[in-house]
Amino acid sequence: MLLLYIFAAVVLINCAYLLLFSRFSFLQPKEVISSEEYPISLIVCAKNEAENLKINIPLWQQQSYSNFELILINDSSYDDTLGVMESFAKDDTRIKIVNVENNEAFWGNKKYSLTLGIKAARNKRMLFTDADCAPNSNLWIKEMVAQFSSEKQLILGFGGYQKKPGILNKLIRYETLITAIQYFSYAKSGIPYMGVGRNLGYTSNLYYENNGFMSHMKILSGDDDLFVNEAATSKNTALCFTKDSFTISNPKESWKEWFIQKKRHISTAKHYKGKHKFLLGLYFVSQLLFWVLAITTILIIDWKIPAIIIAFRFLLHWIVIGKSAMKLDQKDLLYLVPFWEIFLIISQMSIFITNSTSKNNKWK
């Protein structure tokens with residue numbers, strides 16, 4: 001019976017997190033109607049992204065927003081990234097190019113390049129995305145910027161991935177979905193802890209008040225989540241998750257590339273605030289223990305009571321994740337949610353185990 005009690009306690013913890021996530025799952029997008037178009041600096045840092053820029057610069061130029069500048073940062077590229085930027089800049093006065101040369105002290109550091117781009121921005125409200133990110137509509141800037149106010153200085157958006165065939169693509173999108181559910185839910189609960197640079201906005205005032213990226217300049221990655229972790233509060237953070245406000249990126253197409261990308265991202269989590277590390281760690285442990293104990297109790301104890309507990313947890317999980325999946329246009333993932341959950345837990349464990357064996361301070 002002790003095993004059953006332990007299993008029930010784990011499920012209770014797991015369900016408590018699901019109830020927390022339901023704060024986003026059942027949240028309706030906040031429609032903000034503003035007659036004023038605040039001047040915006042759209043900032044994109046690109047390293048060897050010539051082909052993606054050819055596709056996405058026209059999409060940024062076509063945004064239904066009249067008052068913005070487009071700051072393109074060439075981060076020491078060795079392909080034709082700078083040439084592509086210059087070709088578009090010739091015909092569009094809104095485009096400003098920041099060409100970053102190799103710097104011995106900050107070589108390969110995206111945060112250094114972003115710092116130069118931010119310093120070149122003439123507007124205090126800034127919107128960030130990546131070179132491979134396409135806006136989901138021509139209302140992207142308008143939807144994100146509408147969330148800014150005198151109090152709300154940091155806007156969290158959703159950055160999804162293109163839907164393609166294959167298990168890897170679905171796993172990448174499921175992981176992105178779960179991550180978004182978490183950072184939206186925590187922010188809605190007054191404890192924002194991260195955002196994604198694929199779709200993120202904040203003011204220059206907030207940036208300079210927090211000394212930019214200085215506290216984590218030497219840390220691999222984290223220009224987005226570590227800055228949010230440091231600067232976001234319950235009062236200064238707003239959410240934007242209308243479909244028009246999404247950005248869509250190119251997902252990795254090989255397991256090795258995705259594994260390397262996730263190792264880099266997960267390496268930043270140890271630099272989060274203590275309460276965030278505890279909450280995120282407890283959620284992962286509760287998930288892992290749920291599956292281990294679910295199998296164990298079914299095999300050892302009379303299966304009826306464990307089956308009821310498991311069914312209740314599955315139902316709650318499917319409802320909460322399902323509502324969010326439909327909200328974030330990922331409903332095709334719902335049919336095999338338990339499979340994606342197990343797969344993701346195994347993948348994350350593998351990354352945690354191997355992460356300490358590699359040290360690389362270059363963002364590309």
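The values are calculated or read from the model by the stated rules, or taken from the named source; none is laboratory data. Keep in mind that this is a model prediction, so the values were computed, not measured. Ideal geometry is used to build each Cβ from the backbone, glycine not excepted, and the neighbour counts take in all protein chains shown.
Taking the condition in contact with a strand residue (DSSP E or B) (Cβ under 7 Å, 6 or more places away or on another chain), among the hydroxyl-bearing types (S, T, Y) and over 19 Å from Y186 (Cβ atoms), does T247 pass? Outline the logic, then answer.
Working: in contact with a strand residue (DSSP E or B) (Cβ under 7 Å, 6 or more places away or on another chain): yes; among the hydroxyl-bearing types (S, T, Y): yes; over 19 Å from Y186 (Cβ atoms): yes.
Yes, satisfied.
Does L42 fit the bill of being within 24 Å of A146 (Cα to Cα), touching a residue at least 24 places away in the same chain (Cβ under 8 Å) and hydrophobic (A, V, I, L, M, F, W, C)? Break it down stepwise before answering.
Details: within 24 Å of A146 (Cα to Cα): yes; touching a residue at least 24 places away in the same chain (Cβ under 8 Å): yes; hydrophobic (A, V, I, L, M, F, W, C): yes.
Yes; evaluated as a whole, the condition is true for this residue.
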Requested in this report: For residues that are out of contact with any helix residue (DSSP H, G or I) (no Cβ under 7 Å at 6 or more places or on another chain) and farther than 16 Å from T247 by Cβ, scanning just segment 156-177, find the one that is surrounded by the fewest Cβ atoms within 10 Å (Cβ to Cβ).
Outcome: P165
Query raised in the report: Got at least one residue in segment 6-13 being of a type in the set (G, A, S), within 23 Å of the chain's Cα centre (by Cα) and either modelled with pLDDT under 95 or farther than 25 Å from K327 by Cβ (or both)?
Result: no
Query raised in the report: Any residue in segment 82-97 that is of a type in the set (K, R), closer than 19 Å to D224 by Cα and out of contact with any Lys or Arg (no Cβ under 6 Å at 6 or more places or on another chain)?
Result: no
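Right, F278: surrounded by 15 or more Cβ atoms within 10 Å (Cβ to Cβ) and among the aromatic types (F, W, Y) or not?
Numbers: surrounded by 15 or more Cβ atoms within 10 Å (Cβ to Cβ): no; among the aromatic types (F, W, Y): yes.
In short, no.
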Query raised in the report: Name the pairs: first residue in segment 293-321 and closer than 13 Å to N14 by Cα, second residue outside any helix (DSSP H, G or I), Cβ to Cβ under 6 Å, at least 6 apart or on different chains?
Result: none
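To keep it simple, each residue is scored yes or no on (1) assigned to a helix (DSSP H, G or I); (2) of a type outside the set (D, E); (3) closer than 26 Å to A238 by Cα.
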{"site": "A8", "(1), (2), (3)": "yes, yes, no"}
{"site": "C15", "(1), (2), (3)": "yes, yes, yes"}
{"site": "R23", "(1), (2), (3)": "yes, yes, yes"}
{"site": "P29", "(1), (2), (3)": "no, yes, yes"}
{"site": "E37", "(1), (2), (3)": "no, no, yes"}
{"site": "C45", "(1), (2), (3)": "no, yes, yes"}
{"site": "W60", "(1), (2), (3)": "yes, yes, yes"}
{"site": "Y65", "(1), (2), (3)": "no, yes, yes"}
{"site": "L70", "(1), (2), (3)": "no, yes, yes"}
Query raised in the report: Within the group Q63, Q153, which residue is at pLDDT 95 or above, over 21 Å from the mean Cα position of the chain (by Cα), surrounded by 15 or more Cβ atoms within 10 Å (Cβ to Cβ) and under 21 Å from T242 (Cα atoms)?
Result: Q63
Query raised in the report: Which one of these is surrounded by 19 or more Cβ atoms within 10 Å (Cβ to Cβ), among the β-branched types (V, I, T) and in the same structural domain as F184 (by TED's automatic domain parsing): I43, I97, I55?
Result: I43
Query raised in the report: Do we have any residue at all in segment 151-174 that's farther than 24 Å from A131 by Cα, basic (K, R), in contact (Cβ under 8 Å) with a residue 12 or more places away in the chain and assigned to a loop (DSSP other than H, G, I, E, B)?
Result: yes
**Report entry** Only one of G201, G197 that is small (G, A, S), closer than 18 Å to P29 by Cβ and touching a strand residue (DSSP E or B) at 6+ places or on another chain (Cβ under 7 Å)
**Finding:** G201
Query - Top-ranked residue of segment 245-263 - restricted to ones that are surrounded by fewer than 18 Cβ atoms within 10 Å (Cβ to Cβ) and in a helix (DSSP H, G or I), ranked as nearest to the chain's Cα centre (by Cα) - result: Q261
Report task. Looking at (1) in contact (Cβ under 8 Å) with a residue 40 or more places away in the chain; (2) surrounded by 14 or more Cβ atoms within 10 Å (Cβ to Cβ); (3) under 28 Å from L127 (Cα atoms), find the lone condition where F290 falls short. Result -> (3)
